[in-house]
Amino acid sequence: MINKRQSDMDQETIVNRIRGGLTSWYPFGKGNSICHVDSSNFEQLADCHEKYDFVVYGAAIEKNTDVKRAIATLKKLLKRDGILLFGMCNRLGISFFCGEKNPYTNRIFDKTYLYTKEMMDHALLELGFKNTKYYSVLSNIDNPSHIFAYGYYPNEDIANRLFPTYNSPETVFLREEELYKDMMDNGIFHQMANAYLVETSLAEDAVLSDVLQVTSTLERNDENAFYTIIHADRTVEKRNAFPKGRERFHYMKEYACDLREHGIDVVDMEVSVDAVRMPFIEAPTGQLKLKQTLRSGDMDQFYYLLDTFKESIMKSSDIIEDDVRLGPIAR
């Protein structure tokens, strides 16, 4: 996942910012108190008497071998309607069936310390949590590049954008990405997600996030690292992960205007200080449509779509030269 363009960042920095993507996209809102907890300060929580609007454990909760005790400790920090966020590996994660080792015992097919969603549901109910939402996380808890609200299915072929990562790649014997579509078609995509982000509250009336999907590109440099977030009201938000990325929004707006001037249909977008917002389009991506048509065997339609795609590309810019060997060259 690391390439030459990232030479300005050391590998540890890249890994840490990718891991942070599990919760750094979350809409905490302004003015709310947030307590970030990790393994380095967990033991100090017993002496903390403050209450927070949000308590965030941005890693797998089973790093603490007594999971229920760990959640109970975090619970003490919450206000009445506060929200707790934590990650967890899924005992039924597809990567384990493909040969990945348990990250805590370094053994294949070892369920030690790992919970399923149902097991976590029971644990949370016993601890008094009454309002819970799960997000399925892929590739895994350390590389949360794709996050989906439990029950929500993307309208794209994620195998083309999601590259699995493993702690023990040498033991993996199946191509996980080739199973995603079958998992969706058979209704087990969320049950077999490699990890979950859990959002839960003791208050039934607590307002949980309306986010349906998050795609992050935190492995890129500061200017090009973004979150693409789909909300329940069918709006899409592209938010910069770091301040340097804000200038990209104006470039996107200018580029969209340029495409419209060339007769290309572009989704309307609204630019703000920290994000670009646009309506969600209920349609498959172009790549997925081409793939579906090719698999259907309708070659006439497939070639028609290819020609249409090529025509759109040629129309999208000014032709500056018509090379005898290469053909039209666009600006």
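Structural remarks
- The stretch 134-157 and the stretch 301-331 have Cα centres separated by 36 Å.
- For the stretch 244-331, chymotrypsin sites (Phe, Trp or Tyr not before Pro) are listed when DSSP marks them as loop and at most 16 other Cβ atoms sit within 10 Å of their Cβ; the list is 280.
- Accessible surface, the chain, averaged per residue in Å² (probe 1.4 Å): 55
- With the whole protein complex present, residue 254 retains an accessible surface near 130 Å², based on a 1.4 Å probe.
- Phi angles of the stretch 47-63 translate, via the Karplus equation with coefficients 6.51, -1.76, 1.60 and θ = phi - 60°, into HN-Hα couplings of 9, 8, 10, 6, 10, 10, 6, 9, 10, 10, 10, x, 8, 6, 5, 6, 4 Hz per residue; Gly and Pro are given as x.
- Per-residue HN-Hα couplings for the stretch 298-306 [Karplus 6.51, -1.76, 1.60; θ = phi - 60°; Hz; x = Gly/Pro]: 7, 5, 4, 5, 4, 5, 4, 5, 4
- In this structure residue 320 has an accessible area near 110 Å², from a 1.4 Å probe over the protein heavy atoms.
- Taking a ≥ b ≥ c as the square roots of the eigenvalues of the Cα gyration tensor, the stretch 1-153 is classed as oblate, since a/c reaches at least 1.5 and a/b does not exceed b/c.
- Chain lengthening between residue 223 and residue 204 when straightened (0.36 nm per residue, less Cα-Cα): 2.9 nm
- Taking amide H as placed 1.01 Å from N in the peptide plane, the amide H of residue 139 sits under 5 Å from that of 145, 146, each at least 5 places away or on another chain.
- The 1.4 Å probe gives accessible areas that order 163, 97, largest first, as 163, 97.
- Long-range HN-HN contacts of residue 58 with modeled amide H, under 5 Å: 37
- Global geometry of the chain, whether rounded, prolate or oblate, following the gyration tensor of its Cα atoms and the 1.5 cut on a/c: prolate
- Kirkwood's formula applied to the C-alpha pairs of the stretch 104-166 gives a hydrodynamic radius of 14.2 angstrom.
- Relative to the current alpha-carbon distance between residue 326 and residue 269, full extension at 0.36 nm per residue lengthens the span by 17.0 nm.
- Around the amide H of residue 280, modelled in the peptide plane, lie the amide H atoms of 235, 236, all under 5 Å away and 5 or more residues distant in sequence or on another chain.
- Three-way shape label, the stretch 110-256, alpha-carbon gyration tensor, a/c 1.5: oblate
- HN-Hα J in Hz across the stretch 14-19 - Karplus 6.51, -1.76, 1.60, θ = phi - 60°, x for Gly and Pro: 4, 4, 5, 6, 5, 4
- Exceeding the 30 Å Cα-Cα cut-off - candidates 76/133; 181/238; 75/117; 76/111; 76/181: 76/181
- Helix axis angle, 286-296 relative to the chain longest principal axis, alpha carbon, degrees: 80
The values are calculated or read from the model by the stated rules, or taken from the named source; none is laboratory data. The model shown is predicted, which means the values in this text are computed figures rather than measured ones. Virtual Cβ from ideal backbone geometry, glycine too; neighbours counted across all protein chains shown. These accessible areas exclude ligands, DNA and RNA; they are computed on the full protein's heavy atoms, side chains included. Shrake-Rupley method; radii C 1.70, N 1.55, O 1.52, S 1.80 Å.
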